[in-house]
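The values are calculated or read from the model by the stated rules, or taken from the named source; none is laboratory data. Everything numeric here is computed off the predicted structure, so don't read it as measured data. With ideal geometry, Cβ positions are generated from the backbone for all residues, glycine too; neighbour counts draw on all protein chains shown. Ligands, DNA and RNA are stripped out before the accessible areas are found, and what is left, the full protein with its side chains, is counted by its heavy atoms. Shrake-Rupley method; radii C 1.70, N 1.55, O 1.52, S 1.80 Å.
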Amino acid sequence: MIWRNRRLRLVKEKALTEAGRNKVQKARGRGRPRDPRTDAAILDAALKLFVASGLDGASFEKIAREAGVTRATIYRRWSSRETLIADALGRLKENAEQDFGPWEQLPLETLIGMMIDHGPRAWVELDARRLLARIIGSVPDAPDLLEIYWEVHIAPRRAAFNIILERARSEGALSPKTDADMFQDMFSGALMHELLLKPGAKSEAGLRDYFIRLLRELGLGDAVEHYLRSTRRD
């Protein structure tokens, strides 16, 4: 499967720490999926239940019932609920972005297009407010979930994003003084503020406008304007 192959490639490129790799390997079961369709059904069921009811509503028993499999089938693939949920979240993100190819190879304009046009639509369709609330809300009772999700999915993504930002600095699209890690922290923090703290429903058009304003404020104004002109938008 595309999402699994990409994840394994990123792990092999040492985007994770040695301690993180050991922890993830220990949490996962040794068995391998026998049928990709079963694997997908389990991941879809886990995500659906997690978004609807949080960790309490995403027990192995409930996931098995929703996926139409036995608990033993799940245990052969995942030995912890946190690792299963983290994989389900990673699969969701990677399936949504699979048409764009590896992030570290993306031109800056393509990335901006993803954020301005693809991002808002995906956030609305995924009910991002509820999803983010579930992830953050699980931290006190299940800190391993966020740690595994960070080490397996977020850390490699940030590393790839940094490559794009460093290229943007070298090409003059960003200030040479831009701190790539801080750029990402401010970008994700602003999005969480917009999605979680501001009341009211979020529309695709409203989020698109927010993405544009945010990227401009973070120093990518010229690149944003170039993209908007190339797609005949203002």
Would you mind checking the pairs 93/202; 177/198; 48/93; 62/202; 177/202 and listing those with alpha carbons more than 26 angstrom apart?
-> 177/198; 62/202; 177/202
Accessible area, 1.4 Å probe, largest first: how do 118, 226, 153 sort?
-> 226, 118, 153
What ranking do 186-194, 57-65 get when scored by the average of other Cβ atoms within 10 Å per residue, highest first?
-> 57-65, 186-194
Rounded accessible area per residue of segment 143-234, 1.4 Å, Å² | 56 Å²
What is the dipole size for segment 92-205, taken about its Cα centre, with +1 at each Lys and Arg Cβ and -1 at each Asp and Glu Cβ, in debye to the nearest 20?
-> 320 debye
Report, to the nearest whole %, how much of the accessible area of segment 93-234 belongs to carbon and sulfur atoms, 1.4 Å probe, protein only.
-> 53 percent
Compute the signed sum of charges (Lys and Arg +1, Asp and Glu -1) over the other residues within less than 12 Å, Cβ to Cβ, of residue 211.
-> 0
Leaving ligands, DNA and RNA out of it, rank 136, 212 by accessible area with a 1.4 Å probe, largest first.
-> 136, 212
